[in-house]
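To keep things clear, I will list the structure first and then write my remarks on it.
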Amino acid sequence: MTSSDLERRQDDAATLRLLRDGELTVEGRLVDASNATLLGALTLDGVSARCVYKPVRGERPLWDFPDGTLAGREVSAYLVSRATGWDLVPPTVLRDGPFGPGSCQLWIDEPDDAEPLVGFVPAEAVPPRWFPVAAARDDDGAAYALAHADDPRLARLAVLDAVINNADRKGGHVLLGADDRLYGVDHGVSFHVEDKLRTVLWGWAGRELPPDALEMLADLTVRLGGELGGELAEHLTIREVAELTARVGRLRDGGRFPQPPQDWPAMPWPPM
């Protein structure tokens, strides 16, 4: 572990304490979310930060995920992300709040000049080193492409999504924070035992995984058999943890990014 890695982990430990123990005040609601997603402010020992608080009681019932489990899946995504060493998911905890237990995740401020890595672009003007993944038209009939950058940070996020079986990787769930760090958010519909991968990041489909991803998957297999598996068992079922371990093994052995499913919608709706 490098000194910068150590410093970041120390910062994360302080952030986790703030998320768990800080006084949480709700400031408003993010109205575009399908479940109750609240913007909050945290304060502890003179330190403050903003957060996203998702109370369990505000989760909309889903036909394919057990009621009251989405907050735990948010935390599980953070735990797996942390174990990869890639730190793609903002620090997230399960805690009590003004509307009861729920997930509490550090708010990520995107710089005003952050360049988007996913979006709709004119079909005839897809930027260099971008992958078009779907065709679209605007209200006037002009041709557009849903596309994303061929960026190694996004590639890592695509691997993480395959690992956690993320059923909702929208373009709007990809954030750029300070120092060009990339984050993925909104992982409540992940870790299903059936293949439900839905994502806008299909640009690498079928391509070989990079060496760092293969190394990560091998290490993650070991961690799932130890402390990480125990941490996840607090939020997921035994079968879900077992299938996660099997999914990691299949990705490692196959050595390639997954292909879009044939019997399940390949992209979330709306995609952004």
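Key figures for this structure:
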| item | result |
| --- | --- |
| Helices (runs of 4 or more DSSP H) fully within the range 186-269 counting 1 or more residues that are free of Cβ contacts under 8 Å to residues at least 24 places away in the same chain, open to solvent by less than 60 Å² (accessible area, probe 1.4 Å) and of a type in the set (Val, Ile, Thr) | 238-254 |
| Test: residue in the range 96-119 that is of a type in the set (Asp, Glu), open to solvent by less than 60 Å² (accessible area, probe 1.4 Å) and on the phi < 0 side of the Ramachandran plot | no |
| Selection within the range 43-82 - open to solvent by less than 40 Å² (accessible area, probe 1.4 Å) and closer than 15 Å to Phe99 by Cα | Cys51, Val52, Tyr53, Lys54, Pro55, Gly58, Glu59, Ala71 |
| Selected residue (only one of Leu18, Leu6 is modelled with pLDDT of 95 or more, open to solvent by less than 100 Å² (accessible area, probe 1.4 Å) and assigned to a helix (DSSP H, G or I)) | Leu18 |
| Hits in the range 34-47 - residues which are assigned to a loop (DSSP other than H, G, I, E, B) and either under 19 Å from Leu94 (Cα atoms) or not assigned by the TED database to the domain that holds Thr92 (or both) | Asn35, Ala36, Thr37 |
| Qualifying positions in the range 143-165 - in contact with a helix residue (DSSP H, G or I) (Cβ under 8 Å, 6 or more places away or on another chain) and not in a helix (DSSP H, G or I) | Ala143, Tyr144, Ala145, Leu146, His148, Asn165 |
| Long-range neighbours under 8 Å by Cβ, at least six apart or interchain, first residue more than 29 Å from Ala77 (Cα to Cα) within the range 133-159, second in a strand (DSSP E or B) and among the charged types (D, E, K, R) | Ala143/Arg137; Tyr144/Arg137 |
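The values are calculated or read from the model by the stated rules, or taken from the named source; none is laboratory data. Remember, predicted model here, so these are calculated numbers, not experimental data. Because the Cβ atoms are built from the backbone with ideal geometry, glycine has one as well, and the counts that use them run over all protein chains shown. What goes into the accessible areas is simple: the full protein's heavy atoms, side chains included, and nothing from ligands, DNA or RNA. Shrake-Rupley method; radii C 1.70, N 1.55, O 1.52, S 1.80 Å.
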